[in-house]
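Bear in mind that the values in this text are calculations on the coordinates, not laboratory data. Only a predicted model underlies this, so the values are computations on that prediction, with no experimental measurement involved. Every residue, glycine as well, gets a Cβ built from its backbone with ideal geometry; the counts of neighbours run over all protein chains shown.
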Amino acid sequence: MFWLANEVLSPPDSRIMVPHAHGCIVSHCQKFQGRIELIGKKDEPLKLSKYGSPLITHSVPRIKMSDLPGSRDNMLLVSRGHLKTTIHTVAHCIQWLLNYPEVRILLCTSTDEKAQIIVGKIKQHFQFNPRFRFLFPEYCPDAKKASDWGSKTEFSIPNRPKRGDEPSVMTAAVGKALASTHHDVIKCSDVVTENNVKTPGQIAEVKDFFGYLEPLRERFESRDGLPNPGWKDVEGTIYDFSDYYQMILDAENARQVKAWKITKQSCWVNKEKTIALWPEHFPPAELHRIENSPEVGPVLFASQYELDPVRATDGLARPEEIIFFPAHIANELMPRYRLFTRVDLADPNPKSEGDFIVFTTAGIDRDGRIDVLSIQRGHFSDDQIVNMFFNTDTVYKGKTTFGVQKDHFARMLKPLMTREMAKRGRWLNIEYTTISTNVSKVQKIRGLQGFFRMGLIRFADNIPCREELINEIRRFPKGNHDDILDTLSDLLVDAKGEASADLIPDAPKGSFGMPMAQDRFLGFDPISKEQQWLYDQIESAHAYQHESTGAL
């Protein structure tokens with residue numbers, strides 16, 4: 001690949017590819033074993049092309065295309081400006097054609113215009129690159145017809161064996177109808193862009209596009225009963241925590257047996273961000289200049305160059321604001337807690353891939369701080385959910401109050417829970433909370449932001465779904481899931497949907513000669529319209545004190 005790209009495809013004397021910067025891209029690409037080529041028979045004169053190079057008279061691959069070893073699902077994520085498309089799409093497509101002239105390649109991008117640009121870059125080497133035409137004349141069109149060879153969206157090389165109606169290379173784009181074709185290699189180059197991640201609908205459309213590509217992938221004859229599909233090569237840059245690339249990364253992180261070959265490389269080599277991947281073109285000083293420039297800024301730089309999307313306004317908390325504490329100290333703090341378990345119910349089907357069912361138990365201390373003690377997250381059946389209610393109640397010795405949205409509970413589990421409580425002789429403290437129609441779910445969850453900023457919410461460090469919790473916090477509101485956040489936001493309100501009084505710090509106890517803490521205005525009584533203050537109850541108690549002694 002280095003020889004092909006530097007000596008044949010690049011402009012003379014450029015040799016722009018270097019192993020320390022582009023080795024990760026080259027290593028990611030499918031490897032080939034070359035072809036066995038004959039340039040004539042014994043005692044016969046050698047046939048030459050118009051350029052004086054020997055003509056290949058017979059050529060066969062050393063290994064069948066369908067038997068090539070390696071991954072068939074591949075994703076390459078590399079910093080912008082580091083030649084990932086030039087190498088992985090343009091040069092590698094040409095390498096595919098040189099090793100397997102019969103190959104059928106589908107080139108996919110975000111728009112038709114981008115696809116045509118890439119096809120043009122591939123075609124021009126067959127049409128007008130003198131070094132390429134000298135070395136591989138049988139792959140190139142006649143010089144007189146080179147300008148009119150192929151079209152903007154497809155072309156077929158001259159020495160291609162007849163194999164179906166598909167051309168050697170053709171294009172597809174998001175939002176365009178896909179033809180009923182079949183392809184050995186599907187190359188997806190920058191399908192996710194800044195223009196199709198602005199709304200959840202656009203993100204879903206891109207994900208659907210990749211789903212529609214799957215039936216177009218060739219299925220070779222199975223080996224030992226194992227899948228033997230064609231190649232799906234995806235390359236690009238992460239734009240959003242919920243885009244297609246991040247979805248694949250999250251799915252692979254959750255799998256024990258990996259399905260994808262993934263290469264992810266930012267512009268930095270080390271975590272300290274002092275060593276650049278390609279210092280010849282992007283030295284550290286240049287990268288810092290880009291990051292601090294008004295045109296790019298740190299948010300876009302983190303996404304495009306460091307492959308770590310962050311948001312200027314979205315997200316509930318910065319990483320340093322997500323606080324974990326040693327779980328063992330919760331036992332010592334238990335006497336100070338008022339315990340609450342908030343439940344978010346979804347489809348009670350263990351095989352469901354939709355929203356998760358979440359049980360979040362938290363202790364609110366006397367200062368109104370929230371310590372999240374446990375989070376149970378998963379897809380559970382009805383009987384498992386019932387047992388989770390009783391098991392949680394047992395763990396916290398009957399001192400936790402459950403909160404479940406009334407509509408969900410009534411529809412799904414209320415009859416079963418009522419029967420089980422009667423059968424077991426244990427009546428759990430369950431509050432049926434109303435679903436507010438005045439505040440959207442996103443607005444309600446955003447109410448947590450101040451608690452994170454002020455350090456008023458923290459999490460036990462033994463929570464099993466720690467990574468999922470952090471992802472939901474950092475990716476809100478565009479993350480794929482917010483089930484944990486939904487239960488956390490339920491801790492802020494009571495059964496009526498009003499601000500929870502448990503978050504108000506306990507009134508300080510006054511001592512003789514010591515001033516009381518400053519009172520706070522809480523609003524107006526909805527019926528009497530009178531003012532309500534935090535220490536009204538204390539003042540009313542003082543009214544019953546004995547006038548002379550001050551005793552109650």
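Taking other C-beta atoms within 10 Å as the exposure proxy, Tyr212, Tyr432 rank Tyr212, Tyr432 from fewest upward.
Counting lysine pairs in the stretch 360-488 that sit 8 or more residues apart in sequence, or on different chains, and whose Cα atoms lie under 28 Å apart gives 16. Among the lysines, which have Cα under 17 Å from the Cα of Lys162 when same-chain residues fewer than 8 positions away are ignored? Lys162 reaches Lys64. Sorting 134-142, 434-442 by average packing, meaning the other beta carbons within 10 Å per residue, from highest down gives 134-142, 434-442.
Across the chain, the relative contact order, built from alpha-carbon pairs under 8 Å that are at least six residues apart, equals 12 percent.
Quick check on the stretch 399-463: take the gyration tensor over C-alpha atoms, sort the square-rooted eigenvalues as a ≥ b ≥ c, and tell me if it's rounded (a/c under 1.5), prolate or oblate. In terms of gyration-tensor shape, oblate. In this label model, Val269 and Lys423 are separated by 6.5 nm, measuring between points 7 Å along each Cα→Cβ vector. If a/c stays under 1.5 just call it rounded; otherwise compare a/b with b/c (prolate if a/b is bigger, oblate if not). Do that for the stretch 319-503, with a ≥ b ≥ c from the square roots of the Cα gyration tensor eigenvalues. Rounded, because the longest to shortest axis ratio a/c is under 1.5. Rounded to the nearest 20, the size of the Cβ-charge dipole of the chain about its Cα centre is 1860 debye, with Lys and Arg at +1 and Asp and Glu at -1.
The Rg/Rh ratio of the stretch 10-133, with Rg taken over Cα atoms and Rh as the Kirkwood radius over Cα pairs, comes to 1.00.
In the stretch 190-346, inverting the average of 1/r over every pair of distinct C-alpha atoms gives 19.9 Å as the Kirkwood radius.
For Thr237, nonlocal amide neighbours, meaning residues 5 or more places apart or on other chains whose placed amide H falls under 5 Å from its own, do not occur.
Counting neighbouring Cβ atoms within 10 Å and putting the fewest first, the residues Phe356, Phe128 line up as Phe128, Phe356. Expressed in Å, the radius of gyration and Dmax of the Cα atoms of the chain are 32.3, 131.
Directionally averaged projected area (the stretch 269-312, Cα convex hull): 3.1 nm². When DSSP beta bridges are restricted to pairs lying wholly in the chain, around 40% turn out antiparallel. Estimated purely from DSSP H runs of n ≥ 4, each contributing -39500 (n - 2.57), the mean residue ellipticity at 222 nm for the chain is -8000 deg cm²/dmol once divided by its residues. Farthest toward the positive end of the dipole of the stretch 269-312, out of Ile290, Leu307, Leu277, is the Cα of Leu307, where the dipole comes from beta carbon charges about the Cα centre. Taken over the alpha carbons of the stretch 470-510 as equal point scatterers, the Debye sum produces base-10 log I(q)/I(0) values at 0.16, 0.24, 0.34, 0.35 Å⁻¹ of -0.56, -0.80, -1.06, -1.09.
Under 1.5 on a/c is rounded, so check that first for the stretch 248-338, then, if it is not, pick prolate when a/b is larger than b/c and oblate when it is not; a ≥ b ≥ c are the square roots of the alpha carbon gyration tensor eigenvalues. Cα axes put the stretch 248-338 in the prolate bin. Taking the DSSP bridge list for the stretch 319-503 and keeping only pairs wholly inside it, about 50 percent are antiparallel.
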